[in-house]
Amino acid sequence: MFNLTKEERLVLIFFIFIILFGTLIHWALKSNGRLKDFINIIESDKLYSRVDINTATYEDLVKIPYLGSAKAKRIIDYRIQNGLFGDIEQVKLVPGIGNYNYRQIAKFLKVSAGENRKEND
């Protein structure tokens, strides 16, 4: 039918396998809510404890999913400049953390009760 080399046949078989495997996973996730919940558990607070943004170190913050090193540093800098966070929503005032990022990271954060004072006082 087609004059394909051995390597080309292997690549074709590989692509067919990937497409079939992807289709199978898509179908499984769509038809089985429990499987989807199992996969989504990684993004929940069941595996990650909440981190207090008023006391967290840089190392604590970079472990939070979706946060990253740049935003962790900005949170620390913001806390030093403006004092402790009064509530979790205040993290949206940190440069680079908008509504979308906030929705991703809010479930991993908490705010301890405390007075709003500058960290370096």
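Given R₀ = 41 Å, what would the calculated FRET efficiency be for Arg50 paired with Phe2, taking r from the Cβ atoms and rounding to 0.05? Let's see the in-between values first.
On the way: r = 57 Å, r/R0 = 1.40.
Taking R0 as 41 Å, the efficiency between Arg50 and Phe2 is 0.10.
Could you work out the mean projected area of the convex hull around the alpha carbons of the stretch 51-110, in square nanometres to one decimal?
Details: hull surface 13.3 nm².
The orientation-averaged projected area of the Cα hull of the stretch 51-110 comes to 3.3 nm².
Could you work out how much longer the chain between Tyr102 and His26 gets when fully extended? Use 0.36 nm per residue separation minus the Cα distance between them, nm to one decimal. Write down the numbers at each step before the final one.
Details: separation 76, 0.36 × 76 = 27.36 nm, distance 2.79 nm.
Full extension from Tyr102 to His26 adds 24.6 nm.
For the peptides 22-30, 93-101, what is the packing order when you average, over each peptide's residues, the other Cβ atoms within 10 Å and list the highest mean first? Spell out each step's value before the answer.
Values: 22-30: 10.8, 93-101: 12.7.
Order by mean packing, descending: 93-101, 22-30.
Under the rule of at least 5 residues apart or a separate chain, name every residue whose amide H is placed under 5 Å from the amide H of Asp52.
Lys110
Values quoted throughout were computed directly from the atomic coordinates according to the rules given, and no laboratory measurement underlies them. These numbers were taken from a predicted model, which means no experiment stands behind them. Using ideal geometry, Cβ is built from the backbone for each residue, glycine included, and neighbour counts are taken over all protein chains shown.
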